[in-house]
Amino acid sequence: MQQLLPHDHGRDTHVILEAMPKGEDFEKTAGVFSLLSDGTRLKIFWLLCHSEECVYNIAAAIGMSAPAVSHHLRALKQSGLIISRRLGKETHYSLNDTEEARLVHTMVDAMFRIKCPREADV
């Protein structure tokens, strides 16, 4: 369905509007950006993009308590950006192997203008 715009500037905006994602897709994407707008979560996400770690190592690396880190990990995991796996008595966290998580990882690394430490090994 072509949406009528109040002005026609000859730019075929109606074609773009027909391809526009659904409202819920915008909400989901905004949720990911909102999640990473917290500096602590961004720091944790960055660390997990480059290393699989347990809560205690993450807490030590960023200078926070393990319960506070767990709270942030829960939010990142619910978003689908990170995953966890049990290793003995500990839970280890890492970047999820999804297109969305890899894209956000690339974007974050580009924002910091760094080369991914994992790619340096290749």
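Which one of Arg11, Arg41 is closer than 24 Å to Leu87 by Cα and of a type in the set (Lys, Arg)?
Arg41
Can you tell me which residues in the range 61-99 are of a type in the set (Val, Ile, Thr) and in contact (Cβ under 8 Å) with a residue 24 or more places away in the chain?
Hits for the range 61-99 are Val69, Ile82, Thr91.
Can you tell me which residues in the range 43-70 are within 21 Å of Glu99 (Cβ to Cβ), open to solvent by 40 Å² or more (accessible area, probe 1.4 Å) and touching a helix residue (DSSP H, G or I) at 6+ places or on another chain (Cβ under 9 Å)?
Trp46
Could you say whether any residue in the range 105-120 is closer than 23 Å to Lys28 by Cβ, assigned to a loop (DSSP other than H, G, I, E, B) and touching a Phe, Trp or Tyr at 6+ places or on another chain (Cβ under 8 Å)? Break it down into steps so the answer makes sense when it comes.
Let us first name the residues in the range 105-120 that are closer than 23 Å to Lys28 by Cβ, namely 105-111.
Narrowing further to those that are assigned to a loop (DSSP other than H, G, I, E, B): none.
The answer is no; no qualifying residue exists.
Given (1) over 21 Å from Ile114 (Cβ atoms); (2) of a type outside the set (A, V, I, L, M); (3) under 22 Å from the mean Cα position of the chain (by Cα), where does Asp12 come up short, assuming only one miss?
Condition (3) is where Asp12 drops out.
Under the condition of being open to solvent by 60 Å² or more (accessible area, probe 1.4 Å) and closer than 28 Å to Pro67 by Cβ, which residue from the range 91-114 is farthest from the chain's Cα centre (by Cα)?
Among those residues, the one meeting the criterion is Phe112.
In the range 74-83, which residues are in contact with a strand residue (DSSP E or B) (Cβ under 9 Å, 6 or more places away or on another chain) and open to solvent by 40 Å² or more (accessible area, probe 1.4 Å)?
Lys77, Ile83
The values are calculated or read from the model by the stated rules, or taken from the named source; none is laboratory data. Here the structure is a predicted model, which is why all the values come from computation and not from measurement. With ideal geometry, Cβ positions are generated from the backbone for all residues, glycine too; neighbour counts draw on all protein chains shown. Remember, those area values only see protein heavy atoms, side chains included, never the ligands or the DNA or RNA. Shrake-Rupley method; radii C 1.70, N 1.55, O 1.52, S 1.80 Å.
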